[in-house]
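Below: one structure, written as structure tokens.
The values are calculated or read from the model by the stated rules, or taken from the named source; none is laboratory data. For clarity, every value in this text was computed on a predicted model and none was experimentally measured. Please note: Cβ atoms are built from the backbone with ideal geometry, for glycine as well, and neighbour counts cover all protein chains shown.
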């Protein structure tokens, strides 16, 4: 859907959606044909729809409200990327900030989410190119806003949340092993390395492969969901990407090539990258430890991953 000017916000539609949100929220999880809304997958804690409005299909998004201004961050990020000529990201149509249920509409990108079990092939090259393009966008309005899941956030969650919880857990072989992994990380100096200042870059803020939409016919890739955008640094971005849980099926040779292609190929970035990589792996281990009853296989894979990175240099 192409627009020459920002369209009018559909007040009647939003009023009805907010009424449902207050009084019958379960209805928002199903199609609403009266309003031309069909739920889309991948919205996580938000609700995302294909919206068949009078001007053609678009994406309508209803945001969860919490400490982070998700709707405002996404609207700002999309406007910022458009200003700098970044294509194959949604074009913001309108944004309606609201304390009860913020909403935005944006263009609907073609393509299907990358399958975590598939061999990426051509989509991988396109993904790396798009990553580099976004990293080269000026930080601009995000200069004081860290990305979600930032280095500081991970350090806090590991040292102030997971470590005390782990030490209070019932003793046993697993707890002893995890305490040893944690102690190795604490002694490594990784936290100090990540606390040091680094040049800031623009970050999409969410490394999940499902945010990438591959369009086979055109051979192009798009990226969606910028609600966690903010500043980061190159080494941390590369580490958080390759250690994201959605990347665990990809072999290390491919991941090393990705890191090099992103520009982490010199001594200035290497040590910070390795510290960030070990930290990100440990953070995912902490997440899966809490869910080990339901995700036992993933937890064990991640436990071995964290140990491996502490014992051998990835680069």
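Against the numbered list (1) surrounded by fewer than 17 Cβ atoms within 10 Å (Cβ to Cβ); (2) closer than 23 Å to residue 241 by Cβ, residue 180 comes up short only at (2). The sole residue among 256, 270 that is more than 25 Å from residue 42 (Cβ to Cβ), surrounded by 16 or more Cβ atoms within 10 Å (Cβ to Cβ) and free of Cβ contacts under 8 Å to residues at least 60 places away in the same chain is 270. When residue 249 is tested against (1) modelled with pLDDT under 95; (2) outside any helix (DSSP H, G or I); (3) under 12 Å from the mean Cα position of the chain (by Cα), just one condition goes unmet, and that condition is (3).
Among the candidates 164, 197, the residue that is without any contact (Cβ under 8 Å) to a residue 12 or more places away in the chain, under 18 Å from residue 286 (Cα atoms) and out of contact with any helix residue (DSSP H, G or I) (no Cβ under 6 Å at 6 or more places or on another chain) is uniquely 164. Please verify whether the range 232-251 includes one or more residues that are in contact (Cβ under 8 Å) with a residue 40 or more places away in the chain, touching a helix residue (DSSP H, G or I) at 6+ places or on another chain (Cβ under 7 Å) and closer than 20 Å to residue 85 by Cα. Scanning the range 232-251 turns up no residue that is in contact (Cβ under 8 Å) with a residue 40 or more places away in the chain, touching a helix residue (DSSP H, G or I) at 6+ places or on another chain (Cβ under 7 Å) and closer than 20 Å to residue 85 by Cα.
Using the structure shown, decide if residue 98 is assigned to a helix (DSSP H, G or I) and farther than 19 Å from residue 244 by Cβ. So residue 98 does not fit the description; no.
The residue list 27, 20, 62 contains one member that is under 13 Å from residue 101 (Cβ atoms), touching a helix residue (DSSP H, G or I) at 6+ places or on another chain (Cβ under 7 Å) and surrounded by fewer than 17 Cβ atoms within 10 Å (Cβ to Cβ), which is 20. Scanning the range 97-119 for residues that are surrounded by 17 or more Cβ atoms within 10 Å (Cβ to Cβ), within 30 Å of residue 22 (Cα to Cα) and touching a helix residue (DSSP H, G or I) at 6+ places or on another chain (Cβ under 8 Å) returns 101, 102, 103, 104, 106.
Considering only residues of the range 252-280 that are over 24 Å from residue 202 (Cβ atoms) and in contact with a helix residue (DSSP H, G or I) (Cβ under 8 Å, 6 or more places away or on another chain), which is modelled with the lowest pLDDT? Ranking the qualifying residues of the range 252-280, first place goes to 254.
Considering the range 112-207, the qualifying helices (runs of 4 or more DSSP H), each wholly inside and each with 3 or more residues that are in the same structural domain as residue 246 (by TED's automatic domain parsing), modelled with pLDDT under 95 and touching a strand residue (DSSP E or B) at 6+ places or on another chain (Cβ under 6 Å), run over 122-135.
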